[in-house]
Structure formats: C-alpha cells, structure tokens
Amino acid sequence: MSADEIDHVVDAPFDDALSQRYLVYALSTITARSLPDVRDGLKPVHRRLLWGMRLLKLDPAAGYKKCARVVGDVMGRYHPHGDQSIYDAMVRLAQPFSLRYPLVDGQGNFGNVDGDNAAAMRYTEARLTAAANELMAGLDEGTVEFRPTYNGEEEEPEVFPGIFPNLLANGASGIAVGMATSIPPHNVAEVVDAATHLIDNPKAEPSALMDFVSGPDFPTGGVIVDSAEAIANAYATGRGAFRVRARWSVEDQGRGTWAAVITEIPYQVPKSKLIEQIAALISEKKLPILEDIRDESDEKIRIVLQPRSRAVEPQVLLDSLFRLTDLEVRIPLNLNVLDATHTPRVMSLKDVLTAWLAFQFEVLVKRSQHRIGKIDDRLELLEGYIVAFLNLDRVIEIIRTEDEPKPVMIAEFALTDRQAEAILNMRLRSLRKLEEMELRRERDRLIAEREELQKLIDSPARQRSRLKKDLATLRARYGPDTPLGERKTLIEEAGPAREIPLEAMIEREPVTVIMSKRGWIRAMKGHVDLANPEAMKFKEGDGPAFFFHAQTTDKLLLAAANGRFYTLGADKLPGGRGFGEPVRLMVDIEGEGNIVALLPATGGKLLLASSDGRGFITPAAGAVAETRKGKQVVNLRTGAKLALVRPIGEADDYVATIGDNRKMTVFPLTELPEMGRGQGVQLQRYRDGGLSDAKTFRFAEGLSWGMGGESGRTRTETDLSPWRTARGAAGRMPPNGFPRNNKF
C-alpha cells in the first residue's frame with residue numbers, strides 16, 4: 001500500500017463512523033424518497049415521471065407512448081434507480097382504484113382490484129391526464145426553482161406549482177427511516193371549499209374545516225363508520241385512523257329467501273384475497289350461518305353472500321364478516337410530510353392547507369413577476385418598432401448606405417442594442433402602414449396588463465381574490481355534480497361490529513346424542529328414545545355408554561378419567577346414520593376407555609368427585625375448553641381418577657355419597673367449596689376401597705333410587721337422620737333395599 005493510500009485511511013471509532021453514515025442514508029430516505037412534499041404531494045420518483053412525460057409531450061390530447069420509453073427516459077435522465085421500481089410507481093399513478101384522480105392515463109393492463117399485477121412495461125402505453133397538467137401548470141412561467149439532475153447535464157423542477165391540491169386529493173403512503181406517512185385520498189371539491197374558507201379566515205379553528213371536509217373519499221367507495229368527533233380529532237392532530245366498511249345491500253330472491261350483495265370493498269383490499277378469506281370461514285365452519293359466496297363481478301364489483309337459511313338476520317351475518325374479514329379495515333392517517341424547507345413533520349389538516357395556500361400565493365406572485373418581465377421585454381421592442389415607423393425612410397436609407405447600420409441607428413434614434421437588432425431583423429412585409437396602429441394598441445394593452453399585475457403583487461387582498469377565483473374555476477371542473485368529482489365514500493356513523501356468539505349462528509334443532517362404550521359418537525335428528533332401532537345400532541361387541549337429548553346450539557362436556565374436560569359442538573357431531581366417528585378424531589383424549597361423562601354444558605353447576613373420595617362444585621360454563629387439548633379441571637392425587645360428574649339441581653341442598661365398602665353419608669351441599677380447578681375436599685373417609693357413587697338431592701323430599709329390573713319402580717327413603725353427618729365422615733350401611741352395585 002502506498003503512502004498516499006495510507007493518508008486516506010481515517011482512524012475513527014466504528015460506532016461513530018457507522019452512525020454518521022447511517023444518518024446520511026436515513027436523511028436521504030426521508031427527504032428524497034419516502035415522504036411527499038406538502039406543496040405538490042409528490043415524492044421525487046413521481047415528480048420525475050410526470051416531468052419526463054411532459055418533456056415527451058404526452059399531453060391528454062396527444063397519442064400514447066410505450067411505458068418502457070417513458071421509464072427508460074426517466075431512469076437515464078432524472079432518476080437513476082431500478083426500472084421496475086419506476087414502473088411500479090407509474091402503474092400506481094394510472095390505477096383508478098389506487099388514485100382518486102389518476103395522474104397517468106394508461107392503455108393496456110395496469111392491474112386490477114383483484115390484486116393482479118400490471119403487464120410488463122413493453123406492452124403498456126401511457127400519457128398524462130388533465131389533473132397532471134393542472135398540477136404542472138406554470139412550470140414555464142418562472143414559478144419554481146430548477147435544480148441540476150443527478151449527472152448535471154439537465155435540469156428538473158424542485159416542486160410542481162399547479163393549483164391542483166394533489167397531496168390531499170390523491171393521498172400518499174411511505175415508510176422512511178424511523179418515520180412513515182399515510183394520507184388517504186380526499187374529494188377535491190371539499191378540499192377547495194376548506195382552502196377557500198381558510199383564505200377568508202386564516203385563524204379559523206381546525207374544527208371549522210370539518211364543515212367542508214367530511215372525511216376521506218376513496219376511489220373504491222365504501223363506508224366510513226367513525227363518529228364525527230373521531231374524524232375531527234384525527235384531522236386536528238394529523239394522526240388517527242378511519243374504520244372503512246364494504247357497502248352492501250339485501251336482495252330479495254323470492255319465497256322469503258335473500259342474499260347479501262357487496263358492491264364496494266374497502267380501499268386497497270384485493271378482492272381475490274377478500275373472497276379467499278370468506279371462503280375459508282365457510283370451509284373451516286367458523287361461520288355456520290353463511291352457506292356460500294359467489295363472485296359475480298365484471299367492471300363493477302358484485303360479491304353475493306348466501307345465508308344458511310332465511311331465518312338468518314342480515315345484520316348479524318354482516319357484523320360477523322366485518323369482525324372476521326377485511327370487509328372492515330382501519331385506514332391509518334399520519335400526515336407526515338416535508339414542509340417548504342424540506343423538514344419532515346406531522347401536520348394537522350389546517351397546517352397542510354395553510355402551507356399549501358402559502359405556496360400558491362408565492363406561485364401567484366412569481367408568475368406575475370415573470371409576466372411583468374416578459375411585458376417589459378416586449379414593450380422595449382415595441383418602442384423601437386414605433387421609432388422605426390416614424391422614421392421609416394431614414395431607417396431604410398441607413399440600412400442601404402451604411403456598412404454597419406446598427407451603431408448609426410443607435411446613435412441617431414437613441415435606440416438600445418436589442419431595439420436596433422429587432423428592427424434590422426424585421427421582414428419587409430412587416431412595413432405595412434397599418435402595423436403602426438397595431439403596435440400602439442399592443443403597447444397600450446401591455447401597459448394596462450402590467451399595471452394590473454403590479455397592483456396584484458402589491459396587494460395581498462387582490463392576491464386572495466385572484467386565488468379564490470382560480471380555486472372556483474378548479475372546483476367547477478371537479479364539482480360534486482361531475483362524474484370525476486362526485487363523492488364516492490359514504491360517511492355513516494356505526495358502532496363496532498357486534499361479537500356474535502357461535503350459538504347465535506347455529507340453527508337450533510333437537511338432536512339425540514349417542515356415544516358407545518368404545519368412544520364412537522353420533523347425533524340423530526330429533527329427540528328419539530331407546531326403542532328406536534337406529535339409535536341402538538352399534539358395531540359388534542360395542543354398546544351404548546351415553547344417550548341423551550340436546551339441541552344443536554349446545555356445547556357438550558366430555559370428562560376424562562385424568563380430570564381433563566373437553567368440549568364438543570352438538571352441531572358438529574356426525575349424523576345418526578351409521579356408527580358415527582371416534583370421538584378421538586375430534587379431541588385429543590389420552591388412552592382408551594377412560595371417558596367418565598358426556599353431558600350438555602348448561603348454565604348450572606356440576607358435582608365432581610374422584611375415586612379417592614375428594615370433590616368440589618364447579619360451574620358448567622367454566623369447564624368449557626377452547627381447544628382440542630381440553631382443560632384440566634380436577635387435579636388428582638397419585639393413583640386416583642375422576643369417578644363421576646353429576647349435574648346439580650337448582651333446588652338440591654344435600655349430597656349423598658356411598659363407597660365401595662357400602663357405607664353411606666348424607667351432608668349439606670354448602671359444605672362443598674365452589675372451585676374452577678383443584679383437588680377439592682374429602683367427601684367421605686374410607687379404610688379400604690374408594691368412592692362408588694355420589695349425587696345431590698333435596699333433603700325434604702328424601703333420597704330415591706331405582707329398584708332394578710324391568711318395572712322401572714323407584715324407592716324413596718324420607719328419614720335420613722341416621723346417615724346425616726358432617727362432610728368427611730365414614731358413614732354407615734345404606735337403607736334396606738339399596739342396590740347391591742352401590743349406585744344411586
């Protein structure tokens with residue numbers, strides 16, 4: 001390495017060097033890439049694209065040119081970045097579903113609302129729109145500064161001077177380093193009305209602007225459902241979000257049936273992704289009240305939602321979809337822009353409009369000064385022409401006789417160099433006698449125009465009147481009664497979408513739940529009895545374990561011997577034809593043959609008891625599990641298992657327990673704790689064996705048990721004082737006639 005090269009090595013701490021270089025990159029990203037300018041609402045890539053198209057004379061009335069030509073020109077002369085990123089920016093400027101007022105008029109495939117990409121730039125063509133022309137109006141009139149391009153060979157404007165309020169009209173979004181911007185599109189007529197109000201009332205309260213700007217106006221329509229207060233607060237601070245929903249209606253399909261039809265979807269939501277979301281809800285059975293979805297869109301969006309039955313409430317269906325899909329989204333508002341000094345800051349709506357109006361006043365003054373300069377140049381020449389006409393014969397003589405006529409004319413008629421040069425360059429046909437009157441009329445007209453322009457420059461009041469007049473002309477082109485200016489997004493306050501419980505989405509029908517000893521489960525339609533041959537159909541060697549009536553809206557609790565509770569939806573059980581399906585396909589139960597109970601999860605309470613005689617009370621609703629893995633409710637001691645799960649009647653006030661040792665106790669229900677999970681307390685004490693059975697009952701009515709056999713008779717013991725004891729006692733032998741299997 002040479003000594004010269006060593007001299008260029010800088011000895012500096014790595015973190016300092018890194019932070020300095022990263023800061024340079026961050027500032028470049030913020031000021032020259034990601035944030036729009038408050039004056040024209042454009043980022044550099046968009047500004048360079050429009051400027052390049054203007055130089056290619058791609059006016060709205062001109063023919064289209066290939067996008068590849070435009071992108072190549074812009075990349076080579078103004079924007080030395082990737083051609084695909086430039087083309088992507090150009091495509092967005094041409095998409096009527098992305099920009100409220102497109103700045104590029106595209107011909108060919110520029111993508112669609114489904115989320116499909118545009119065709120390659122060699123296939124598509126483009127030209128400017130009228131809005132783009134209005135945004136660039138005045139570029140040739142000395143209104144803005146020009147700066148050298150990246151290679152110093154050409155010049156480009158720092159900002160566009162046009163009166164079109166592009167920042168708010170088309171919005172912007174971008175992510176810089178440590179900051180971002182998100183500005184939704186707005187209605188030009190509303191923005192112009194608000195700006196006009198600010199011209200007359202510069203100190204107006206931010207809330208006063210809400211009389212004119214009701215909210216964003218998205219090219220895809222939709223409905224903004226936020227309150228007026230929330231919208232006003234977002235604009236007052238420059239930060240917030242808007243809840244945007246799809247627009248829908250109900251179509252009567254005859255015979256009492258209906259369908260919901262979506263005609264507008266939220267801004268920047270791809271239609272294909274939205275339909276996939278809804279179709280997934282149907283296939284995964286997460287929205288049982290929705291039967292089908294059809295996309296019948298052509299140029300206009302039409303998505304048809306078919307409900308499960310005519311009894312479904314349309315609002316319930318749509319509220320569910322608003323919560324579960326992108327039929328409702330939040331569009332952020334972050335008015336982070338570069339001000340006139342290229343400083344990024346978050347502005348309120350009033351700040352943005354004030355900064356834009358200040359720039360428009362500046363443009364108005366510069367345009368007037370530029371025009372005065374042009375008038376002064378022309379007046380100078382007109383004075384020279386008039387002198388020439390008054391002395392025409394002498395001028396001709398000088399030109400014919402003098403070798404160098406210019407100095408002679410300057411000396412004789414007190415002309416300036418420019419005047420003399422203009423006279424010498426005149427054509428012979430301009431020497432008509434009437435030309436003098438034309439020159440005098442033109443001079444007088446220009447002098448009058450100059451006086452008016454000077455008054456405009458000197459008078460802020462005249463500037464305000466002129467700008468209001470210009471804004472009124474713009475508003476007439478984009479008024480609410482024009483096809484382009486008509487408001488597309490509805491502002492209609494609505495509360496958050498209701499969370500509809502799953503039970504409300506299921507049609508309530510009676511079913512009979514049947515589960516075999518081997519764990520095969522099914523549900524027959526209607527409430528059938530044991531005499532039904534279909535109900536008692538099982539595989540060879542299998543038989544009934546649980547048989548009860550329920551409703552399709554019920555949740556079923558399945559209790560395993562390890563103390564875990566699982567939940568099944570009665571509407572999701574396989575049909576009653578055949579043998580059903582193994583319950584282990586629906587929930588993750590460990591082992592085999594360890595299902596203790598299966599019952600509906602009503603709003604009541606359950607008595608839980610383990611084989612070692614411990615138990616407690618738990619709410620049935622608290623035992624419902626949300627996942628396939630279930631929920632641990634009973635904590636068991638080593639060697640013990642869950643023995644029984646019994647519903648507790650509303651009037652029950654006592655508990656009866658009996659052990660394997662055929663000893664029975666009766667004690668008040670109030671002696672048992674109510675718990676969500678745990679081991680519980682000792683119900684009955686045993687020397688050997690464990691708990692055989694337990695039940696709750698009403699003490700005043702006595703204790704009843706079945707006599708067995710086919711008679712179906714029961715026996716009731718009303719005098720229970722011999723067995724009445726405190727919880728945890730050993731107990732004594734049950735009454736005569738109690739079943740030998742020690743079950744109540």
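Candidates Thr129, Leu99, Leu139 compared by Cα position along the dipole of region 16-183: farthest toward the positive end lies Leu99, with charges placed on Cβ.
Using equal-weight Cα scatterers in the Debye expression, the normalised intensity of the chain in log10 at q = 0.06 Å⁻¹ is -0.65. Angle, helix 83-94 long axis vs. longest principal axis of the chain, Cα atoms, 0 to 90°, nearest 10? It works out to around 90 degrees. Diffusion coefficient (Stokes-Einstein, Kirkwood radius over C-alpha pairs, 4 °C, 1.567 mPa s) for region 352-481: 73 µm²/s, rounded to a whole number.
Kindly identify region 508-601 as rounded, prolate or oblate by the Cα gyration tensor criterion: order the square roots of the eigenvalues as a ≥ b ≥ c, call it rounded if a/c is under 1.5, otherwise compare a/b with b/c, prolate if a/b is larger, else oblate. Oblate, because a/c is 1.5 or more while a/b does not exceed b/c. Using θ = phi - 60° in the Karplus curve 6.51 cos²θ - 1.76 cosθ + 1.60, the 3J(HN,Hα) couplings for region 197-209 round to 5, 5, 4, 7, 10, x, 9, 4, 5, x, 5, 5, 5 Hz; x is entered for Gly and Pro. Please label the shape of region 247-326 as rounded, prolate or oblate, based on the square roots a ≥ b ≥ c of the eigenvalues of the alpha-carbon gyration tensor (a/c under 1.5 means rounded; beyond that, a/b larger than b/c means prolate, else oblate). Oblate is the answer for region 247-326, as a/c is 1.5 or above yet b/c matches or exceeds a/b. Amide H to amide H distances under 5 Å link Gln551 with Val511, where only residues 5 or more positions off or on other chains count and H is placed in the peptide plane. Calculation over all alpha carbon pairs of region 144-225 in 5 angstrom steps from 0 returns a P(r) of 3, 12, 15, 16, 17, 16, 10, 6, 4, 1, 0 percent.
When peptides 179-192, 62-75, 322-335 are ranked by their average number of other Cβ atoms within 10 Å per residue, the highest-first order is 179-192, 322-335, 62-75. For region 44-99, rounded, prolate or oblate, judged on the Cα gyration tensor with a ≥ b ≥ c (square roots of eigenvalues), a/c < 1.5 rounded, else prolate if a/b > b/c? Because a/c hits 1.5 or more and a/b fails to exceed b/c, region 44-99 counts as oblate. What the Cβ-Cβ distance of Thr149 and Asp83 gives, at R0 = 22 Å and to the nearest 0.05, is a FRET efficiency of 0.80. Remark: Leu317, Leu390 ranked as Leu390, Leu317, counting other beta-carbon atoms within 10 Å and listing the fewest first. Length available on full extension from Val9 to Glu507: 0.36 nm per residue minus the Cα-Cα distance, which gives 171.4 nm. Put simply, when 18-28, 224-234, 440-450 are sorted by average Cβ atoms within 10 angstrom per residue, most first, you get 224-234, 440-450, 18-28.
Straight Cα distances below 12 angstrom link Lys555 to the aspartates and glutamates Glu503, Asp571, Glu626, with same-chain residues fewer than 8 positions distant left out. Computed 3J(HN,Hα) for region 299-310, one whole-Hz value per residue from the Karplus formula 6.51 cos²θ - 1.76 cosθ + 1.60 where θ = phi - 60°, is 5, 9, 6, 8, 10, 9, 10, 9, x, 5, 8, 5, glycine and proline marked x. For Lys273 and Thr237, a Förster radius of 41 Å and the Cβ-Cβ distance give a FRET efficiency of 0.85, rounded to the nearest 0.05.
Full extension of the chain segment joining Leu424 with Val365 gains 17.7 nm, where the gain is 0.36 nm per residue of separation less the Cα-Cα distance.
Note on Lys406 and Glu449: with the Förster distance fixed at 25 Å, the Cβ-Cβ geometry gives a FRET efficiency of about 0.25.
One decimal place: the segment Lys629-Tyr64 gains 197.1 nm when fully extended, by the rule 0.36 nm per residue minus the C-alpha distance.
Taken one residue at a time, the phi angles of region 313-319 give Karplus couplings (6.51, -1.76, 1.60, θ = phi - 60°) of 7, x, 5, 5, 4, 5, 4 Hz. Gly and Pro are set to x.
If you take all other residues with their beta carbon under 11 Å from the beta carbon of Asp217, and give Lys and Arg +1 and Asp and Glu -1, the sum is +1.
Residues whose amide H lies under 5 Å from that of Met664, counting only those 5 or more places away or on a different chain, are Arg732, Met733; hydrogens are built 1.01 Å from N in the peptide plane.
For each pair in Lys285/Lys539; Lys539/Lys572; Lys517/Lys572; Lys537/Lys695, compute the distance between the two Cα atoms and list the pairs where it is over 27 Å. Listed pairs above 27 Å: Lys285/Lys539; Lys537/Lys695. Taking amide hydrogens as placed 1.01 Å from N in the peptide plane, the amide H of Leu333 sits under 5 Å from those of Gly240, Ala241, Phe242, each at least 5 positions away in sequence or on another chain.
The packing ranking of peptides 29-35, 407-413, 527-533, highest mean first, is 29-35, 407-413, 527-533, where packing means the average number of other beta carbon atoms within 10 angstrom of each residue.
Taken together, the values in this text are just the output of simple stated rules run on the coordinates, not laboratory data. Since we're looking at a predicted model, the values are computed, not measured. Cβ: placed from backbone, ideal geometry, glycine included. Neighbour counts: every protein chain shown.
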